[in-house]
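The numbers here are math on the coordinates, done by the rules we state, and not lab data. These figures come from a predicted structure and were not determined experimentally. Here the Cβ positions follow ideal geometry from the backbone for every residue, glycine too, while neighbour counts run over all protein chains shown.
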Amino acid sequence: MGKRSRPRVRAATAHWSTGRRVAVLAAVLALLLAGAGLAAYLTTGGGRREAPSGKPSASGPTARPGTPAPVAETATGTVSPPPRLSDPLAYGRAAAVMLWSYDTRATTRDQQLAGMHAWMTTETKYTDWTSIQAQVPDPLLWSRMHDQGQHATATVSQSHFPSAFKQALAENPAALTEAYMT
């Protein structure tokens, strides 16, 4: 059996005192913690915090092209109003963004509901406000989400008419004037 060689790190640090080894270990740990802190800072939106007044800072997110811009904090908070669009697919994309986006930091639960209600049609035959309202967390959960600064922004990359709709329209174009609910 041959003689084992010492690892290079151990050989290079064999003459170090215990205090020096502890200092180097502390420095390495401090660098790792600083790296983890920097990563956390960058992944939370650059460390943006709420202003003392409770309103979000002025450096908030900007709207993406093709999506409705968020409105300033009003009776509907950050929920964007329904757009005036003649294209039903563009309207559907905007509605999906509205349904799947929220910001508990700048919008109360009541403001979120008011903003969502603005998207509802006034025709009671087609409105199902109860099912929409049931998807919004209850006031206690909303307040806990606010305490944690939870928010989400949806992005819609495509939309299309379902094939069943296209087929039904091809078979009976006059049916477009009558809405059917299942």
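Can you tell me the FRET efficiency between Leu176 and Asp87 if r is taken as the Cβ-Cβ distance and R0 is 22 Å, rounded to the nearest 0.05? Efficiency computed from Cβ-Cβ geometry: 0.90.
May I ask you to list the GluC sites (Glu not before Pro) in region 117-182 that are in a DSSP loop and have at most 13 other Cβ atoms within 10 Å of their Cβ? Those satisfying the criteria are Glu123, Glu178. Loop only per DSSP, at most 13 neighbouring Cβ atoms within 10 Å: give me the chymotrypsin sites (Phe, Trp or Tyr not before Pro) in region 77-122, ordered by residue number. In loop regions of region 77-122 (DSSP not H, G, I, E or B), there are no sparsely surrounded chymotrypsin sites (Phe, Trp or Tyr not before Pro). The packing ranking of peptides 103-112, 78-87, 24-33, highest mean first, is 103-112, 78-87, 24-33, where packing means the average number of other beta carbon atoms within 10 angstrom of each residue. Once the mean of 1/r is taken over each pair of separate Cα atoms and inverted, region 129-182 shows a Kirkwood hydrodynamic radius of 15.4 Å. With R₀ set to 45 Å, the beta-carbon distance separating Ala118 from Leu29 gives a calculated FRET efficiency near 0.30.
For region 125-182, applying the loop criterion from DSSP together with a ceiling of 15 other beta carbons within 10 Å to the chymotrypsin sites (Phe, Trp or Tyr not before Pro) yields Tyr126, Tyr180.
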